[in-house]
Amino acid sequence: MRLRKAYIPTLKEAPADAEVISHKLLVRAGFLRKLTSGVYIYLPLAWRSLNKIANIVREEMDRAGAQELHMPMVQPSDLWQESGRWDFYGKELLRFKDRHDRDCCLGPTHEEVITDLIRGEVRSYRQLPLNLYQIQTKFRDEIRPRFGLLRGREFIMKDAYSFDCDDEGADVSYRSMYDAYWRIFSRLGLRFRAVEADSGSIGGSFSHEFMVLAETGEDMIVSCTSCSFAANVERAPVVWRGESCRQQCPPVELTATPGAHSVAQVCDFLGVQPQQLIKTVIFAVDGNPVAVLVRGDREVNPVKLKNLLNAGELAIAAPEQVREWTGAPVGFAGPQGLHAVMHVYADLELRGGTDWIAGANRGDMHVLHLNLTRDATVTAFADLRVIGAADPCPLCGAEIETARGIEVGHVFKLGTKYSKALNAVILDEQGRERHIIMGCYGIGVSRVLAACIEQNNDADGIIFPPPIAPYDVALLNLDTQNADLCAKAEELYAILQTQGLDVLLDDREERPGIKFKDADLIGLPVQLVLGGRGFGRGMIEAKDRRSGEKAELPLEGFAAAFATWREHVLQGWK
């Protein structure tokens, strides 16, 4: 492609609403333009990269035995009502009525549609296993779309669905997809980890997230320094290996703590450490109050609580709810007497201590010497907190480490969640009806593009891994008024194309400085600079965008010299 004719509208400044580097660079480098909140136009450069990502995904899905189809984006409400997700999914499901006043939605995912298809077509175990996938636009009406392609409302996704006769077959399908994802993200040139994850609104019994490692990632992941354990902090279990404390403590004592709403304020006022406090957090769970107790220096893990209670909607209670349910303002709730108005759940770690300090359910008051067994009623003890850096690996007990990541893929073992709801059954070898065992496997194709840039950039712009780059080579003609230089540029352009490379020839009548800046901003893996004193010596400058290293290649015998040099550049990505 000749840049003079290409639609690549680069900008000097990033838009004011761009918060993360991928959003800033994708707009500045002429990849994206915003249409409305969370909805973007993919310009030609972005579409080339997205197609390259999608092609790698297709190749590995086909290799794993999956078959591609395409399902409608508009879905009727009756399928979602049948599965029970019409109300459960929440406001992210964009609902509307058609001209016949029938309820519909824009598909955020396609479990209902694919299950409905299979239940009408597949009758016998002989027709299984089966794996079907699509690459399609999805829509989720995020309340606060942000970060460009990382959390938009409309996005491109690959979703696949497996169907098996039994759990053993489903395990084989799950492993096949897990392995395919390893190959996909390896081929894309990304640094990633596969971690145990929560299944969220999709449901199911087991899942893994594939995370691109990046300091700007929204998700925190933990991994063991000794064994293979890795998990999203939402999923990571905390193993408590202590014993219940039987130590006696003095009778409970009421003490004034005026204005001490937070753990830090209470500690400062009483001269104690956070480890001596019980933090009482009030949640609204499906409209009902629930109290969760954790140590003062810990954080409640809402995902663990939601899974424990099998809850639909869960949120931290509003201040007016806290006052109504506990009789005290926020910051002064405590476990004493709460069982009369709500269930009280305590983190396992609290079994290992006594003589606690906690809120008194009265404004500006706390209690000292609280013994949970003696002075409160706990519904149940469970793992309810966020894992910390000082916690041991839940598998082997070794040290753990944390990193930030961006979720780009998710594999779910669904079991019979949807086949039971929609009555998708087959006859087994004995002629008995059995619900089909399902799996679900997603990749955020457009999110991969953004995650790639979050991981690969510098002060000058994007640094594309070769498999994802919209073009393989940037060829810069520094003087379009020089006939000899233009002729040589055309010759090299043709040579590179015969090598099977996609080439972006900068033949614009612009100053060299502008061409250099745009080349770095767009971030193609290789730059070739034709002009200046090197041209007079029969040389062309080659630059590795990732390392910044430069080399001079002879114009005579250029094809072989460039192929050898480029192979060296590619090795740096492996």
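The values are calculated or read from the model by the stated rules, or taken from the named source; none is laboratory data. In this text the structure is predicted, and so the values were computed from the model without any measurement. Methodologically, a virtual Cβ is constructed for each residue, glycine included, from the backbone with ideal geometry; neighbour enumeration extends over all protein chains shown. Heavy atoms of the whole protein, side chains included, go into the accessibility calculation; ligands, DNA and RNA do not. Shrake-Rupley method; radii C 1.70, N 1.55, O 1.52, S 1.80 Å.
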Sites ARG33 and GLU320, calculated FRET efficiency, Cβ-Cβ separation with R0 51 Å, nearest 0.05: 0.75
Solvent accessible area, Å² - TYR178, 1.4 Å probe, full protein context: 30
Inter-probe distance in nm under a simple model that places probes 7 Å from Cα toward Cβ, at ASP78 and ARG511: 6.7
Residue order for LYS306, LYS5 - accessible surface, 1.4 angstrom probe, largest first: LYS5, LYS306
Packing-based order for 184-195, 494-505, using average beta carbon neighbours within 10 Å, highest first: 184-195, 494-505
Dipole of the chain [Lys/Arg +1, Asp/Glu -1 at C-beta], most positive-end residue of LEU35, GLY409, ILE8: ILE8
HN-Hα J in Hz across segment 217-234 - Karplus 6.51, -1.76, 1.60, θ = phi - 60°, x for Gly and Pro: x, 6, 9, 9, 10, 10, 8, 7, 7, 10, 10, 8, 4, 8, 7, 5, 4, 5
Cα centre as origin, Lys/Arg/Asp/Glu Cβ charges: segment 73-213 dipole, Debye: 780
The chain: calculated mean residue ellipticity at 222 nm from DSSP helix runs of at least 4, using -39500 (n - 2.57): -8000 deg cm²/dmol
Radius of gyration and maximum dimension Dmax of segment 68-201, Cα, Å: 16.8, 49
Under 15 Å, Cβ to Cβ, from ALA64 - net charge with Lys/Arg +1 and Asp/Glu -1: -2
Relative contact order (%) - the chain, alpha-carbon pairs under 8 angstrom, separation at least six: 17
Long-range amide H partners of GLU299 with built H, under 5 Å: VAL386
Extension gain from ARG191 to VAL272, taking 0.36 nm per residue of separation minus the Cα-Cα distance: 24.8 nm
Kirkwood Rh, angstrom, segment 307-365 [1 / mean 1/r, Cα pairs]: 13.0
Within the accessible area of the chain (1.4 Å probe), percent carbon and sulfur: 49
Euclidean distance between Cα centres, segment 106-159 to segment 318-382, Å: 43
Net charge dipole size for the chain [Lys, Arg +1 and Asp, Glu -1 on Cβ; Debye, nearest 20]: 700
Rg in Å to one decimal, and Dmax rounded to a whole Å, for segment 450-505 via C-alpha atoms: 14.3, 42
Cα coordinate range in segment 264-324, projected on the principal axes (Å, largest first): 40, 25, 11
Helix 558-571 vs. the chain, principal-axis angle (Cα, 0 to 90°, nearest 10): 10
Per residue, in Å², the accessible surface of the chain once ligands and nucleic acids are set aside, probe 1.4 Å: 45
Whether segment 200-292 is rounded, prolate or oblate, judged on the alpha carbon gyration tensor where a/c under 1.5 counts as rounded: prolate
Rounded accessible area of ARG140 (nearest 10 Å², 1.4 Å probe): 50
Distance (nanometres) between label positions extended 7 Å along Cα→Cβ at ASP167 and LYS12: 6.5
Cut-off 15 Å between beta-carbons: net charge of the residues surrounding ASP472, Lys and Arg +1, Asp and Glu -1: +2
Net charge of neighbours whose Cβ lies under 12 Å from the Cβ of TYR42, counting Lys and Arg as +1 and Asp and Glu as -1: +2
Residue among ALA390, LEU94, MET211 farthest towards the positive dipole end of the chain, charges placed on Cβ: LEU94
Cα-based convex hull, segment 135-249, per residue volume (Å³, whole number): 225
Whether segment 1-131 is rounded, prolate or oblate, judged on the alpha carbon gyration tensor where a/c under 1.5 counts as rounded: oblate
Cβ-derived FRET efficiency at R0 60 Å, ARG537 paired with LYS91, nearest 0.05: 0.40
In degrees, nearest ten, helix 512-522 long axis to first principal axis of the chain (Cα): 40
Relative pair counts by distance (%), Cα atoms of segment 287-400, 10 Å bins: 13, 43, 33, 10, 1
Relative intensity, log₁₀ I(q)/I(0), of the chain from a Debye sum that treats every alpha carbon as a point, q = 0.06, 0.09, 0.11 Å⁻¹: -0.42, -0.85, -1.09
Cα radius of gyration and Dmax for segment 426-549 (Å): 22.9, 82
Exposure of SER262 as accessible area (Å², to 10), given a probe of 1.4 Å and all protein chains: 50
Stokes-Einstein D (µm²/s) once Rh is taken as the Kirkwood radius of segment 385-427 over alpha-carbon pairs, at 25 °C in 0.890 mPa s: 168
Charge dipole of the chain about the Cα centre (unit charges at C-beta), most positive-ward option of CYS104, SER176, THR379: CYS104
DSSP beta bridge pairing in the chain, given as percent antiparallel to the nearest 5: 80
